[in-house]
Amino acid sequence: MANKIDRVPVREQDPKVRATNFEEVCYGYNAEEAVLEASRCLNCKKPRCVESCPVGIKIPNFIAEVFKGDFNKAFDIISEDSSLPAICGRVCPQETQCEGSCILGVKGQPVSIGKLERFVADHHRENSEGGKPVGVPKSNGHKVAVIGSGPSGLACASDLAKMGYSVTIFESLHKAGGVLTYGIPEFRLPKKKVVEKELQSLFDLGVKIETNVFVGRTVTIDDLLNKEGFKAVFVGTGAGLPLFLNIPGENLNGVFSANEYLTRNNLMQAFDKKSDSPIFHAKRVCVVGGGNVAMDAARTALRLGADVTIIYRRGEKELPARAEEVHHAKQEGVKFQLLTNPTRVIGDENGWVKGVECIRMELGEPDESGRRSPQPVAGSEFVIDTDALIVALGTKINRLIADTTPNLETDKKGRLVTSGETATSRAGVFAGGDVVTGAATVILAMGEGRRAAKAIDRYIKERY
Amino acid sequence: MYKILKKEQLTPLIFSMEVEAPRIAQSAKPGQFLIVRCGEMGERVPLTICDFDREKGTVRIVIQIAGVSSNKVCSLSEGDSLTDITGPLGKPSDFMDFTPDSLKHSHYLFVAGGVGAAPVYPQAKYLHSLGAKVDVIIGARNKDLIIMEEEMKKVCTNLFICTDDGTKGEKGNVTVLMERLVNEGNKYDMCVAIGPMIMMKFATLMAKKCNLPIIVSLNTLMVDGTGMCGACRVSVGGKTMFACVDGPEFNGYDVDFDEALRRQTLYRKEEQQADAEAGLNFLVRK
């Protein structure tokens, strides 16, 4: 039954052109391409793809509807398990999840599940405007607070709203979305077209949002529980504090965290001339790190006109970024300086970055993470001339919530400790996403948010 | 929205605004700051909190036109609204951890440079209300930059004014007055200096000379103000700190002021260009 054809390629913006703009790189499938790609699915009896999806989307079922051409039904099937399909279809690491476990991938190429999900979500969004408004579910009278409007908070809020809870999301920034808004660039995840629309569908369910509320400072968790009438609180505040290298010269003018660089460009829209927020324009930029954030920062700098080099201490195979992102970065002209680690940032006489001293690395024995650990090659120091250095080494957790909420248990890294289903050490306080796991992915955070919604529902039903 | 209930022009370039922001008014403490934004493409501008009224649900901000973004805020009128206000941000002043009783007999010296009088005000007001002895120095380049004189008088024991050009109060800068007050035999438990970075640097040097402990409040560059971007990093006692979440107040002795001064110039070129495009060429950036 399954159509034995090659995977249908997806159309993309020409690398030379897109290296100079912030338009989306990937155009996605059209209806014809989507139906053709859907025809490749074997509709396995025991679908491994579903098992490896953190939110358990019924993948073969929605693909079967795509094949039949019933895109609305396909959308309804996805919506049972995911509230942000247009986003996940774009930024999930499908190659290690659904597509990574697709049986077709054993001998050939897996079904392009991510691109199909994206097609279904985009098709729905583009064709349902002005259509029937989604009904607000009947209220059960209980209020729940969600702290943080990133992926885990949004998933949690969405599920709770569907169960009839009155949900208010508190967001510290002036715009909703968390990392989807401040972190992931426009060329990978368009804000107006995709993120804002997908958030709107959440507000259509009756979810309220209060921006500019930095919980821990503006209001405490205890205030929310004791004074504002919330029966439970979900903490989905992520891991937002940038890590630096701790090498000499890191506070020179021209050294930035990837968080700062990306926030200025994405949240504050500094790439747009109409924006009041400045961004540093450099001729040459080095980015330290090999993850998705490093790729995002590098490709942003490239689009702002810089000559960009990524510095990573391991080899190409070990790059933690998605293969697709590395491939796109290379196509666009980002250079890679692998097996290299910065040792010192060099400044000019006025304290502005003029270079970065690096040391060559070689791979030794595997470390506790299973990756071969890089060792410096003695005496191999060399200097890369650059005007700016962007540090993309990961993030850690802001301890503010833990510090301002008595008896909320954390581990040594500041992560909130949860037991059972997302419950913290405080009754009525639940947590999920990066604030529990440490920096991870959008979809894992969403999965945690959904688990928390179920746990909160049980907790409230038992008590009230 | 955050409605401006009252706007006053304090000097040709400095404005005071009372703004509706009930949540911030409820939780603000002396030493903290906030961030405002004006317009959909507006920059996030960190500002000090000058005063708050928990019952009315308002905060008072004092802002000096120093570039495109502050000019946009200052162009708003009573009845208009700011697009966003976030806060309170940063840690409250150290003395907020002390019991009111232990502060009753303390003697504080506040040194305010220019608009620095605004954040000094709630600190002096709080300590004065507890019965502490509070001396305040307000200094500026000239008389047009001296603000809040009358209000400050009501919340301190002694107020001293000085200007670089002698157009108001004593001629000379704040450090001259600091030294004189110490030499006159005043035994201060703590000095708190808030103003331009360069003024805080020299106030700290004078404090060292006078063997006076000193706290400074750093007005670094910032984006989010919640610890996310690291633009505000500053070396304190040889360690990198984030002014937004670890501060804004630090022990002056430990702050690397030269680095902090240099880091403030990061976007000078972009700012000058934006000033020129907006017709704000009269602003002098050092």
Q. Restricting to the stretch B:44-72, what's the tally of residues that are within 22 Å of A:T263 (Cβ to Cβ) and in contact with a strand residue (DSSP E or B) (Cβ under 7 Å, 6 or more places away or on another chain)?
A. 6
Q) So, in the stretch A:1-41, of the ones that are out of contact with any Leu (no Cβ under 7 Å at 6 or more places or on another chain) and more than 24 Å from A:H327 (Cβ to Cβ), which residue ends up surrounded by the most Cβ atoms within 10 Å (Cβ to Cβ)? A) A:C41
Q | Residues satisfying the stated conditions in the stretch A:267-282, i.e. among the charged types (D, E, K, R) and crowded, with 20+ Cβ neighbours inside 10 Å | A | A:D276
Q) Would you say A:V285 is assigned by TED's automatic domain parsing to the domain that holds A:A329, under 18 Å from A:G355 (Cβ atoms), in contact with a helix residue (DSSP H, G or I) (Cβ under 6 Å, 6 or more places away or on another chain) and buried (at least 24 other Cβ atoms within 10 Å of the Cβ)? A) yes
Q) Using beta carbons and a limit of 8 Å, which pairs, at least six apart or on different chains, have the first residue in the stretch A:405-432 and assigned by TED's automatic domain parsing to the domain that holds A:G236 and the second one exposed (fewer than 14 other Cβ atoms within 10 Å of the Cβ) and of a type in the set (K, R)? A) A:E421/A:R458
Q. So which residues in the stretch A:250-280 are touching a Gly at 6+ places or on another chain (Cβ under 6 Å) and over 15 Å from A:V179 (Cβ atoms)?
A. A:L252, A:N253, A:D276
Q: Give just the number: which of (1) in contact (Cβ under 8 Å) with a residue 60 or more places away in the chain; (2) aliphatic (A, V, I, L, M); (3) within 14 Å of chain B (Cβ to nearest Cβ) does A:A323 not satisfy?
A: (3)
Q) Do any helices (runs of 4 or more DSSP H) entirely within the stretch B:179-273 hold 3 or more residues that are within 14 Å of chain A (Cβ to nearest Cβ) and without any contact (Cβ under 8 Å) to a residue 60 or more places away in the chain, and if so, which? A) B:257-263
Q: Test B:I35 against the stated conditions and say whether it is within 14 Å of the chain's Cα centre (by Cα) and closer than 18 Å to B:S217 by Cα.
A: yes
Q. Any residue in the stretch A:203-215 that is at negative phi, free of Cβ contacts under 8 Å to residues at least 40 places away in the same chain and surrounded by fewer than 22 Cβ atoms within 10 Å (Cβ to Cβ)?
A. yes
Q) Out of all the residues in the stretch A:315-332, which are surrounded by fewer than 20 Cβ atoms within 10 Å (Cβ to Cβ) and not in a helix (DSSP H, G or I)? A) A:G315, A:P320, A:R322
Q) Looking at the stretch A:290-311, is at least one residue more than 14 Å from chain B (Cβ to nearest Cβ), among the hydroxyl-bearing types (S, T, Y) and touching a Phe, Trp or Tyr at 6+ places or on another chain (Cβ under 8 Å)? A) yes
Q | Top-ranked residue of the stretch A:239-260 - restricted to ones that are closer than 30 Å to A:T168 by Cα, touching a residue at least 60 places away in the same chain (Cβ under 8 Å) and within 9 Å of chain B (Cβ to nearest Cβ), ranked as surrounded by the most Cβ atoms within 10 Å (Cβ to Cβ) | A | A:N259
Q. Counting just the residues of the stretch B:118-143 that are modelled with pLDDT of 95 or more and among the basic types (K, R), which one comes out farthest from B:R54 (Cα to Cα)?
A. B:K133
Q: Just one of (1) within 29 Å of B:I35 (Cβ to Cβ); (2) assigned to a helix (DSSP H, G or I); (3) over 13 Å from the mean Cα position of the chain (by Cα); (4) not hydroxyl-bearing (S, T, Y) trips up B:V136, so point out which.
A: (2)
Q | Subset of the stretch A:3-27 (residues that are touching a residue at least 60 places away in the same chain (Cβ under 8 Å) and more than 23 Å from A:A298 (Cα to Cα)) | A | A:D6, A:R7, A:V8, A:V10
Q) Yes or no: B:D246 touching a strand residue (DSSP E or B) at 6+ places or on another chain (Cβ under 7 Å) and either over 20 Å from A:V391 (Cβ atoms) or outside the structural domain of B:G114 (by TED's automatic domain parsing) (or both)? A) no
Q | Hits in the stretch A:77-128 - residues which are under 17 Å from A:K193 (Cβ atoms) and either of a type in the set (A, V, I, L, M) or touching a Lys or Arg at 6+ places or on another chain (Cβ under 7 Å) (or both) | A | A:L84, A:A86, A:I87, A:G89, A:R90, A:V91, A:R118, A:V120, A:A121, A:R125
Q.
Condition first: in contact (Cβ under 8 Å) with a residue 60 or more places away in the chain, under 30 Å from B:E277 (Cα atoms) and in contact with a Lys or Arg (Cβ under 6 Å, 6 or more places away or on another chain). Can you find one or more residues in the stretch A:278-288 that meet it?
A. no
Q.
Take the conditions farther than 25 Å from A:G164 by Cα, more than 9 Å from chain B (Cβ to nearest Cβ) and charged (D, E, K, R) and apply them to A:K193. Does it pass?
A. yes
Q. When you look at B:E249, is it over 16 Å from B:S69 (Cβ atoms) and touching a Gly at 6+ places or on another chain (Cβ under 9 Å), yes or no?
A. yes
Q.
Quick check on A:G305: is it at positive phi and in contact with a strand residue (DSSP E or B) (Cβ under 7 Å, 6 or more places away or on another chain)?
A. no
Q.
Among the residues in the stretch A:150-169, are any free of Cβ contacts under 8 Å to residues at least 40 places away in the same chain, more than 24 Å from the chain's Cα centre (by Cα) and more than 19 Å from A:A440 (Cβ to Cβ)?
A. yes
Q) Which ones in the stretch B:139-164 are in contact (Cβ under 8 Å) with a residue 40 or more places away in the chain, touching a Gly at 6+ places or on another chain (Cβ under 6 Å) and either of a type in the set (V, I, T) or not in a strand (DSSP E or B) (or both)? A) B:L145
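So that you can scan it fast, the table gives a plain yes or no per residue for (1) crowded, with 20+ Cβ neighbours inside 10 Å; (2) within 26 Å of A:A239 (Cβ to Cβ):
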site	(1), (2)
B:M178	yes, no
B:G185	no, no
B:A193	yes, no
B:K209	no, no
B:G247	yes, yes
B:A260	yes, no
B:D275	no, no
Q.
For the stretch A:261-274, give me each residue that is within 9 Å of chain B (Cβ to nearest Cβ), polar (S, T, N, Q) and touching an Asp or Glu at 6+ places or on another chain (Cβ under 8 Å).
A. A:T263
(Q) Please determine whether any residue of the stretch B:97-117 is surrounded by 23 or more Cβ atoms within 10 Å (Cβ to Cβ), within 14 Å of chain A (Cβ to nearest Cβ) and within 14 Å of B:C50 (Cα to Cα). (A) no
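The values are calculated or read from the model by the stated rules, or taken from the named source; none is laboratory data. Remember, it's a predicted structure, so these values are computed and weren't measured experimentally. Virtual Cβ from ideal backbone geometry, glycine too; neighbours counted across all protein chains shown.
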